[in-house]
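K.L.:
Handing you this structure, nothing more for now.
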Amino acid sequence: MFIIPVLMIATNAVQKAEEAPFASAMTNFPRSIGEAVAPYLLGLVDRMRGQLHSQRLIDRLGRHRFETWLPQRGCLPRDLSIVCEPHGSMSMREVVRRQVEILAFADKFTVWAGLILFLIVMTLALPMRTPPPRILFGEKNG
């Protein structure tokens, strides 16, 4: 949704055949930079949010260390028992790691949703309407 208007703006700016390589560079450069930057940003969000959630969960477990394990079942209380097995064979570290992964994965989707919303607003707010090339060049030749 965002790429088509940008491509139209870049290709309609070409007036002569000599300018065509520059239009190609205008469209391919951001695309190739995006291919390198997007995985880095995904990893960065995953690492930063994963560390935050890990620290908060471990801090909560530390503050409530005597309430966490139920002695009769060896399992977590109701609020953290999503991944607990019936016999309590899963370690606390494994439970925290799974919860951190789930929360960081949800945060990645939130970041991408915000970015997509920003790009949609930018596309709608662009003041310039670019007509298709056949209309633009048809008016000049006709």
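Quick note: the coordinates plus some simple rules give every number you see, no bench work behind them. Fair warning: this is a prediction, and the values are worked out from it, not measured in the lab. As a convention, Cβ positions derive from the backbone with ideal geometry for all residues, glycine included, and neighbour counts pool all protein chains shown.
K.L.:
Phe109 to Arg93: extension gain in nm, 0.36 nm per residue of separation minus the Cα-Cα distance?
P.N.:
Taking 0.36 nm per residue and subtracting the Cα distance, the gain is 3.3 nm.
K.L.:
Taking θ as phi - 60°, what are the ³J(HN,Hα) couplings along the stretch 15-29 by the Karplus curve (6.51, -1.76, 1.60), each to the nearest whole Hz, with x for Gly and Pro?
P.N.:
Result, rounded to whole Hz: 9, 10, 5, 5, 8, 4, x, 5, 5, 5, 5, 5, 8, 7, 5.
K.L.:
Val45: net charge of surrounding residues, Cβ under 14 Å, Lys/Arg +1, Asp/Glu -1, itself excluded?
P.N.:
Every neighbour counted, the sum reads 0.
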